[in-house]
Amino acid sequence: MTRAKVLVVDDEVEFASALSERLQLRNYEAKAVYSAKDVLPSVKKECPDVVLLDLKMPGMSGIDVLKAIKQVDATIEVIILTGQGSIDEGLKGTGGSALDYDLYFLTDDSTKKFPQKKEEGIFDYVMKPVAIEDLVEKIDKAKKKRST
Amino acid sequence: MSAEKELKSLQLRVISKILAGFSHEMRNHLAIIKETAGLTEDIIKSGGSKSKNDLLKLTGAIEEQVGKAALLCNYLGRFGHLLENPVISFNVNEALADLIALISRLAHQKRITLERDFDRQMPPIYGDPSGLLLLVFCLVEEIMTGLDRGGSIIIKTAFLNNALTITLVPKGSIVQPAEEIETCSAEAIQDLLRLLNSTISKKSETKEAMITLSQSITSRRD
């Protein structure tokens with residue numbers, strides 16, 4: 001299986017560019033964009049397998065961006081990046097809610113996991129600061145799911 | 001719920017919002033530090049073609065980010081210390097500057113800028129910083145819910161005739177918020193003002209919010 005094409009979307013430029021470069025060093029085809037308006041042109045041009053999406057960017061609803069990505073290509077897997085203490089908190093003020101997206105806590109050895117609602121295409125989430133090996137594992141799983 | 005209890009509950013809510021914002025911003029700083037340090041390690045391990053200068057840029061970026069995080073900790077530390085005592089002598093400009101720094105991310109999320117226009121001749125005042133900051137937070141939050149993206153709020157302070165005046169001036173388009181956002185109720189603001197033993201006038205025609213504190217605060221200008 002070829003390595004995934006990944007689009008990192010985060011308004012924290014230093015974070016997104018460093019993460020993108022780290023993924024490139026791991027042989028992923030990674031690119032970073034730093035604003036909502038650049039997401040769709042980049043998705044259309046690059047056709048990524050996986051989008052790492054920060055839900056809280058200034059002046060936009062992350063949920064709207066998520067929906068727009070899925071409209072371009074419903075098979076693109078989206079992994080949510082959040083700097084909030086929980087995904088529910090991360091979704092606040094974004095136009096979505098944990099309930100809408102069927103995201104809920106499952107306690108597994110005190111690791112909080114959020115199963116995705118399949119039709120919405122939220123594959124998984126990662127909390128900031130990111131554990132790179134954990135993220136890479138999730139990207140590979142997302143790519144595998146997309147390929148099947 | 002009694003007015004006093006409601007006020008306590010409001011204080012807790014405001015402090016919770018400030019702490020949640022701090023935690024979010026701190027996570028972002030830590031995330032940048034972690035990724036930049038991780039990238040430096042990856043480059044060294046891969047034996048790639050990056051120059052010494054490139055690596056120095058990365059370590060410099062880490063140091064800069066640590067500085068930003070430390071500054072944010074300073075703001076929160078000072079804010080916390082101000083709230084330790086119910087009545088103290090404090091500098092209003094400094095207290096407001098700390099509050100603005102702590103809530104600027106909330107504003108940034110809405111693409112609203114918080115600006116200061118402080119009276120440089122502001123004397124130290126003796127009063128309740130907790131109530132004052134709570135009141136300013138509530139009013140800023142209320143204005144933010146009705147202000148369109150790209151707007152700004154100027155926070156002005158003035159000291160004249162032994163009275164401190166804080167004026168919040170919104171700049172930009174006023175919009176109806178798309179969703180109901182919980183802000184402080186008018187009653188809570190009035191209770192807060194009663195507690196501060198002060199007076200408030202909201203100039204609705206100019207959308208400005210003005211707080212005038214002249215009775216409960218004793219100027220210590222020499």
Run the quick spin-label model on B:SER16 and A:ASN27: label points 7 Å from Cα toward the beta carbon, then report their separation in nm to one decimal. 4.9
Please work out the FRET efficiency for the pair A:THR75 and B:ALA158, using the Cβ-Cβ distance as r and a Förster radius of 51 Å; give the result to the nearest 0.05. 0.30
How would you classify the range B:46-93 from its alpha-carbon gyration tensor, with a ≥ b ≥ c the square roots of the eigenvalues: rounded for a/c under 1.5, else prolate if a/b is greater than b/c, otherwise oblate? prolate
In square angstrom to the nearest 100, the accessible surface buried at the B/A interface, both sides summed with a 1.4 Å probe, amounts to 2200
For the range B:73-81, in residue order, the Karplus 3J(HN,Hα) values (coefficients 6.51, -1.76, 1.60; θ = phi - 60°; whole Hz; Gly and Pro = x) are 4, 4, 4, 5, x, 5, 4, x, 5
For the range B:111-126 versus the range B:9-86, the gap between their alpha-carbon centres in whole angstrom: 26
How big is the accessible area of B:HIS108 in square angstrom, nearest 10, if you roll a 1.4 angstrom probe over the protein chains? 90
About the Cα centre of the range B:36-173, what is the dipole size in debye to 20, counting +1 per Lys and Arg Cβ and -1 per Asp and Glu Cβ, all else neutral? 460
What nm value, rounded to one decimal, do you get for the distance between B:LYS5 and A:LYS45 when each label is placed 7 Å out toward the C-beta? 5.9
By its C-alpha gyration tensor, with a ≥ b ≥ c as the square roots of the eigenvalues, how is the range A:4-81 shaped: rounded for a/c under 1.5, else prolate for a/b larger than b/c, else oblate? oblate
Separation between the B:SER51 and B:GLU64 pseudo-spin-labels, each 7 Å from Cα along Cα→Cβ, expressed in nm? 1.8
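Go through B:168-175, A:16-23 and give me the packing order, highest mean Cβ count within 10 Å leading.
On the way: B:168-175: 15.2, A:16-23: 23.8.
Peptide ranking by packing, descending: A:16-23, B:168-175.
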Per-residue HN-Hα couplings for the range A:11-25 [Karplus 6.51, -1.76, 1.60; θ = phi - 60°; Hz; x = Gly/Pro]: 6, 7, 4, 4, 5, 5, 6, 5, 5, 4, 5, 5, 5, 4, 5
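Quick check on the range B:128-167: take the gyration tensor over C-alpha atoms, sort the square-rooted eigenvalues as a ≥ b ≥ c, and tell me if it's rounded (a/c under 1.5), prolate or oblate. Walk me through the numbers on the way to the answer.
Details: a/c = 3.93, a/b = 1.67, b/c = 2.35.
Judged from the Cα gyration tensor, the range B:128-167 comes out oblate (a/c at least 1.5, b/c at or above a/b).
Past 23 Å, Cα to Cα, is the threshold; run B:LYS110/B:LYS156; A:LYS56/B:LYS50; A:LYS5/A:LYS44; A:LYS31/B:LYS50; A:LYS37/B:LYS156 against it and keep the listed order. Spell out each step's value before the answer.
Values: B:LYS110/B:LYS156 21 Å; A:LYS56/B:LYS50 33 Å; A:LYS5/A:LYS44 13 Å; A:LYS31/B:LYS50 19 Å; A:LYS37/B:LYS156 34 Å.
Over 23 Å Cα-Cα: A:LYS56/B:LYS50; A:LYS37/B:LYS156.
The values are calculated or read from the model by the stated rules, or taken from the named source; none is laboratory data. Source: prediction; values computed, not measured. Positions of Cβ are generated from backbone atoms using ideal geometry, with glycine treated the same way; all protein chains shown enter the neighbour counts. Note: accessible area is taken over every heavy atom of the protein model, side chains too, but ligands, DNA and RNA are not part of it. Shrake-Rupley method; radii C 1.70, N 1.55, O 1.52, S 1.80 Å.
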